[in-house]
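Take a look at the structure set out below.
The values are calculated or read from the model by the stated rules, or taken from the named source; none is laboratory data. Being a predicted model, the structure only gives us computed values, none of them experimental. Cβ coordinates were reconstructed from backbone atoms using ideal geometry, including for glycine residues, and neighbour counts include every protein chain displayed. All accessible areas refer to the heavy atoms of the entire protein, side chains included, with ligands and DNA or RNA removed. Shrake-Rupley method; radii C 1.70, N 1.55, O 1.52, S 1.80 Å.
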Amino acid sequence: MIEMQPLTNYIPILLIAVGYGFIFGLIPVAGVKLGLIALYPWADLFLNDPYSMVIMIAGVFVSASIGDMFASVCMNIPGGGGSTATMLDGFPMSKRGEATRALSAGLFGAVSQSVLWGGICILALPFYAKFVMHFGIPEMFLLVCLAMVAICFTGNNYPIRGMLACGLGVLMGMTGENPMDFQDYRFTFGWEYLKQGYQIVPVMAGILAVPEILEHIRTKVTIPPSVHNNWQQIKMGFKDWWRYKWDSVQGGLIGTVIGAIPGLGGSISEWLAYAGVSARPRDDDEYPFGQGNVRGVIGVEGANLAQKAAVFVPTILFGIPGAAGQVVVMSLLAYVGMDLGSTAVLNDPDFFTALSWGWFCATFITFFIAIFFFRWATLLLRVPFAFWGPALILLVTWASMQHTGTLDDLWVLLIFVFLGLCMKHGKFNRIAFVIGFILSAKVEELGSIYFQLYGFTDLFTRPISFGLVVMIVGAVVYGVWFNKTKIQYT
């Protein structure tokens, strides 16, 4: 078994992770997912020390999530989807010449909740792991069902389309060798390449990344004016955050709760945080919400890193991705020999040490980088996206062709790009497709064992199973009849 090195030995990899992730956060539409996807070609470098991959992932998650805010505030383009709701008030502030004030207020909100709620989630993971030992086959099967139901119904304006997308993802995830019969290959259509199934990189790139890149290449962007009183606005942003700190805490709580629900983490937490703060206007608000109210930025960014930390809970403990980006995390760590949800990981204290150390160190390092980068942000983001877009497409194409290095890799990427564009145009839930794809093996395995060994009544006689059934029914009822947020995953 590989032993973890002293933490000081990982400082270089942490600094690389922070710089790398921050750049991907700054690039419009790139963000965490694309940054992680682009790590695949370099994954062999981490085989000798898998804990360095854990630290790399933590650093990229934190720095890219903070970097997302810059494009949202300065260009009205979501960095990687995580700061979409930040645009509603952040960009109007930029147009008034208050870009640094908005960035500063959002930064203090994000970092404070990363420490508070991130600490609760990540530092307590070893204690949560003991609770997982009470989960048997029925509980794991129902947890997978909850993940898919939550992403299809909660906050989605098109639940039926979400279910269809999720089902298609499950079917495509079953492509290749039949785990029940190693001589049987499914859905390969005679293509030898598909006997190993579809690889996760072209799936993620084609379904989620490339459609967004293509859309923003053809979108004209309004560039805000440059900021001159930079340090003064940083101080104003800090005062705004301190004045409205409870909006930040509320956003962090919402992000934590949503992120901890398997399959539901993502931009929905930011939108719910915005709904929560905008529902409570104050007499001292300088501007209405949607027209540059700094509370809108503080509340949303409070949910940003808190949600990113919370999605690690279901991903690590159960091997069920808390959000789409966690699919890539699971794949990268599996490549270096760490199977999330397995007993080996749950009983490895060094894994949790590496994750928590990487998360908190990356938070503080990125904070200072961002502070000193504010004055240059609007200048860098003036580079037309017509420049960034083709470069990003080349990057994801290169990453997608690392499996065999043949044209077959490219054809698979093009298939999923076409499918992603069709789903986006038809308003099908692309996140549900990705969740269904990654959970397909668990659905088949757990479902087969459950129906062989257990009966319907076991769902109600086991306390945890009964609680999960109630949550599944509640998610459906809430999503169909009571949900008013109606966030569209397109």
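Quick notes
- Relative contact order (%) - the stretch 267-391, alpha-carbon pairs under 8 angstrom, separation at least six: 14
- A Förster radius of 41 Å combined with the Cβ-Cβ distance from residue 414 to residue 441 puts the calculated FRET efficiency at roughly 0.95.
- Where the stretch 367-471 is the region considered: accessible area per residue in Å², 1.4 Å probe: 53
- Accessible surface computed residue by residue for the stretch 1-147, with neighbouring protein chains in place and a 1.4 Å probe, gives 30 Å² per residue.
- Anisotropy class of the stretch 331-423 from Cα gyration tensor, a/c 1.5 cut: oblate
- Principal-axis tilt of helix 11-26 within the chain, Cα atoms, nearest 10 degrees: 70
- The accessible surface of the chain, taken with every protein chain in place and a 1.4 Å probe, is 67 percent carbon and sulfur.
- With contacts taken as Cα pairs under 8 Å at a separation of at least 6 residues, the chain carries a relative contact order of 28 percent.
- Once the Cα-Cα distance is subtracted from the 0.36 nm per residue extended length, the residue 383 to residue 218 segment shows a gain of 57.9 nm.
- When you count the other C-beta atoms within 10 angstrom of each residue and take the mean per peptide, 438-448, 140-150 line up highest first as 140-150, 438-448.
- At the residue level, residue 134 shows approximately 120 square angstrom of accessible surface with a 1.4 angstrom probe and all protein chains present.
- Segment residue 343..residue 189, full-extension length gain: 51.8 nm, with 0.36 nm per residue of separation and the alpha-carbon distance subtracted.
- Positive dipole terminus of the chain, leading residue within 122, 398, 93 (C-beta point charges): 93
- Among (i) 70, 46, 20; (ii) 34, 25, 23; (iii) 35, 30, 23, the entry that matches semi-axes √(5λ) of the Cα gyration tensor in Å as calculated here: (ii)
- Prolate/oblate/rounded call for the stretch 289-448, Cα gyration tensor, a/c under 1.5 rounded: oblate
- Degrees between helix 159-173 axis and first principal axis of the chain (Cα, 0 to 90, nearest 10): 60
- Taking 0.36 nm per residue of separation and subtracting the current Cα-Cα distance, fully stretching the chain between residue 458 and residue 123 would add 117.2 nm.
- Among 439, 325, 279 - extreme Cα towards positive end, dipole of the chain, charges at beta-carbon: 279
- Under 17 Å from the residue 287 label point (7 Å along Cα→beta-carbon), backbone N, the stretch 86-108: 86-107
- Violating pairs (Cα-Cα greater than 31 angstrom) within the set 245/442; 95/235; 235/427; 235/308; 245/427: 245/442; 235/427; 245/427
- In straight-distance terms, cross-link reach from residue 33 covers every one of the aspartates and glutamates whose alpha-carbon lies under 20 Å from its own, apart from those fewer than eight places away in the same chain; here that gives 44, 68, 212, 215, 270, 301, 339, 409.
- Estimated from helical segments only, the mean residue ellipticity of the chain at 222 nm is -21500 deg cm²/dmol, where each DSSP H run of four or more residues counts as -39500 (n - 2.57).
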